[in-house]
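Novice: My questions will all concern the structure given below.
Every number in this text was worked out from the coordinates using simple rules, so none of it is lab data. What you see is a predicted model; the values in this text were computed from it and never measured. With ideal geometry, Cβ positions are generated from the backbone for all residues, glycine too; neighbour counts draw on all protein chains shown.
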Amino acid sequence: MHAMISSPSVGLVRTQSFTFAHPPRTMVLDSGVDLGPVSLAYETYGQLNSECSNAVLVCHALTGDAHVAGFHEGDDKPGWWDHYVGPGKPIDTDRYFVVCSNVIGSCMGSCGPSSINPATGRYWGLDFPIVTIADMVRAQRELLRHLGIECLLAVVGGSLGGMQVLQWAASYPNMMKGVLALATTSRHSPQAIAFNEVARQSIMSDPNWRNGDYYDGVRPDLGLAVARMIGHITYLSDESMHLKFGRELRHGGGFAFSFETEFQVESYLHHQGKKFVERFDANAFLYITKAADYFDLDLGNADSPTRKALAVTNARFLLVSFTSDWLYPTYQSRQMVNVLKELDRDVSFCEITAAWGHDAFLLPDPRLETVIRGFLGGLHGC
């Protein structure tokens, strides 16, 4: 992995909250269910200019949150994309007003199954309605309206964040100048759905899950930890596992001839699972993975609403894939590029050689830094 010199941080930041869709003016979800009130946790960095033309929306991945950059009071770890967002960085907060919100259905400050149902005063649990990527984007649109933003310079995101980026282009084709989608897909493949289902079953098979009604008791930590372990395998690559772990044993010497954790890779997965249950909610994992599985822009259908929407957008597109990403492999990005070319849209594509699998978009890389900086720098304000 390449080292990268980090520019100054945005410093101390705080997460804010925005609530909308108060009954009876509720938000109608793709499922047809009314949801309201709807609360979003969000953070902003930089200053919105007088023309409101420099806003960049960053969309987070499956288990991410609104804390993209900077530090919260008392934390020694910065936001999840701090090496790309900040003063002088590729998403330069001296130039751009950056917004990121936690998706609905999550557990990192926005409304979801782990929040309180105002109608009952109890945790939502599985009474929270199923949400889609398009629902997440509609909620983000309301936040931007609240912030006085009617046009985005760019929408940027990777993985599930990249799905949101593509949905933005489909739902609001004339609201942004640039669309930057990293390590993502326009439809979840059968393989990706299969991994998500195994992860969900690990949670729902935990006796402590209790059909999602566990908030006043013991939580399904074992099931959630295994779900995270499964997911983490898909985020890595064969090459990265060889580089990080090989077949090294934790304690050297020979085999223990038991079922204890012996290999370094086993220890790593257990560690990831244990860390994850300390910060994430099992039901939220179910909801967000289901939203990812439902995602399908239907670009292969010439009559699809998405294809018709993309045919009229004037936004510039940049799709970025990574050579070792087998969760959302390069051919899926190329398929999207080909459709956009058929529609005579302004689209560029970059495949970055990286050993680190799907997670490569989250890691410091001078090549990705150059790509992001160049793309945003070439966009003209709203």
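Novice: Taking θ = phi - 60°, what integer Hz values does the Karplus form 6.51 cos²θ - 1.76 cosθ + 1.60 yield along region 126-134, in sequence order, with x for Gly and Pro?
Specialist: So the J values, rounded to whole Hz, are 7, 6, 5, x, 4, 10, 10, 4, 5.
Novice: Karplus couplings for region 186-194 from phi (6.51 cos²θ - 1.76 cosθ + 1.60, θ = phi - 60°), rounded to Hz, Gly and Pro as x?
Specialist: Along region 186-194, the couplings run 8, 7, 6, 6, x, 5, 5, 4, 4 Hz.
Novice: I'd like to know which of GLN167, VAL155, GLN140 lies farthest towards the positive end of the charge dipole of region 125-177, counting +1 on Cβ of Lys and Arg and -1 on Cβ of Asp and Glu.
Specialist: Result: VAL155.
Novice: If you average the alpha carbon positions of region 303-372 and of region 8-49, how far apart do those two centres end up, in angstrom?
Specialist: Here the two parts' Cα centres lie 27 Å apart.
Novice: Relative to the Cα centre, what is the charge dipole magnitude of region 193-289, using +1 at the beta carbon of each Lys and Arg, -1 at the beta carbon of each Asp and Glu, and rounding to the nearest 20 debye?
Specialist: 140 debye
Novice: Related question: Would you order ASP325, ASP344 from fewest to most other beta-carbon atoms within 10 Å of each residue's own beta-carbon?
Specialist: Lowest count first: ASP344, ASP325.
Novice: In percent, how large is the relative contact order of the chain, given Cα pairs closer than 8 Å and 6 or more residues apart?
Specialist: In percent, rounded to a whole number, it is 19.
Novice: Take every Cα pair under 8 Å in region 186-307 that's 6+ residues apart, average their separations, divide by the length, and report that relative contact order as a whole percent.
Specialist: 34 percent
Novice: Could I ask something else about it? Of the DSSP beta bridges with both residues in the chain, give the percent that are antiparallel, rounding to the nearest 5.
Specialist: 35 percent
Novice: Taking 1 over the mean of 1/r across every pair of different Cα atoms in region 311-382, what Kirkwood radius in Å do you get?
Specialist: 13.2 Å is the Kirkwood radius here.
Novice: So what are the radius of gyration and Dmax for the Cα set of the chain, in Å?
Specialist: Expressed in Å, the Cα Rg and Dmax of the chain come to 20.7, 68.
Novice: Continuing with the same structure: In terms of the ratio Rg/(2.2 N^0.38 Å) built on C-alpha atoms, what value belongs to region 193-289?
Specialist: 1.21
Novice: For a quick check: sort HIS358, HIS83 by the number of other beta carbons within 10 angstrom, fewest at the front.
Specialist: Ascending number of Cβ neighbours within 10 Å: HIS83, HIS358.
Novice: If R0 is 45 Å, what FRET efficiency do you get for SER304 and ARG14 from their C-beta distance, rounded to 0.05? Before the final figure, lay out each step's value.
Specialist: Working: r = 41 Å, r/R0 = 0.91.
Working from the Cβ atoms, E equals 0.65.
Novice: Quick one: which of 363-370, 161-168, 56-63 comes out on top by average Cβ neighbours within 10 Å, and what's the full order, highest first?
Specialist: Working: 363-370: 16.5, 161-168: 27.6, 56-63: 25.8.
Those peptides, ordered most packed to least, come out 161-168, 56-63, 363-370.
Novice: If each of LYS77 and ASP127 carries a label point 7 Å out from its Cα toward its Cβ, how far apart are those two points in nm?
Specialist: 3.3 nm
Novice: Which value, to two decimals, describes the C-alpha radius of gyration of region 1-132 once divided by 2.2 N^0.38 Å?
Specialist: Working it through for region 1-132, the quotient is 1.20.
Novice: Please give me the summed charge of the neighbours of ARG25: other residues whose Cβ is under 13 Å from its Cβ, Lys and Arg +1, Asp and Glu -1.
Specialist: -2
Novice: Run down the lysines and flag those whose C-alpha is under 26 Å from the C-alpha of LYS275, throwing out any fewer than 8 positions away in its chain.
Specialist: Candidates past the 8-residue exclusion: LYS77, LYS244, LYS290.
Novice: Now for a separate question. Can you give me the long-range amide H partners of SER348? Hydrogens built in the peptide plane at 1.01 Å from N, cutoff under 5 Å, separation of 5 or more residues or another chain.
Specialist: It is PHE317, LEU318, LEU319, by chain and number.
Novice: Follow-up. About the Cα centre of the chain, what is the dipole size in debye to 20, counting +1 per Lys and Arg Cβ and -1 per Asp and Glu Cβ, all else neutral?
Specialist: Working: 30 positive and 40 negative charges, 99 e Å.
Around 480 debye, computed over the chain.
Novice: If you take the alpha carbon radius of gyration of region 82-162 and divide it by 2.2 N^0.38 Å, what ratio comes out, to two decimals?
Specialist: So the Cα radius of gyration is 1.32 times the expected 2.2 N^0.38 Å.
Novice: Among GLY148, GLY64, GLY223, which one shows the biggest mean-square fluctuation in a GNM of the chain, springs joining Cα atoms closer than 10 Å?
Specialist: Evaluated over the chain, the most mobile residue of the options is GLY148.
Novice: To continue, here is another question. Hey, how many Å between the Cα centroid of region 263-292 and the Cα centroid of region 114-181?
Specialist: Result: 23 Å between the Cα centres.
Novice: Ordered by packing density, taken as the mean number of other Cβ atoms within 10 Å over each peptide's residues, highest first, how do 96-103, 349-356 rank? Don't skip to the answer; put the middle values down first.
Specialist: Details: 96-103: 26.2, 349-356: 17.8.
My ranking of the peptides, most packed first, is 96-103, 349-356.
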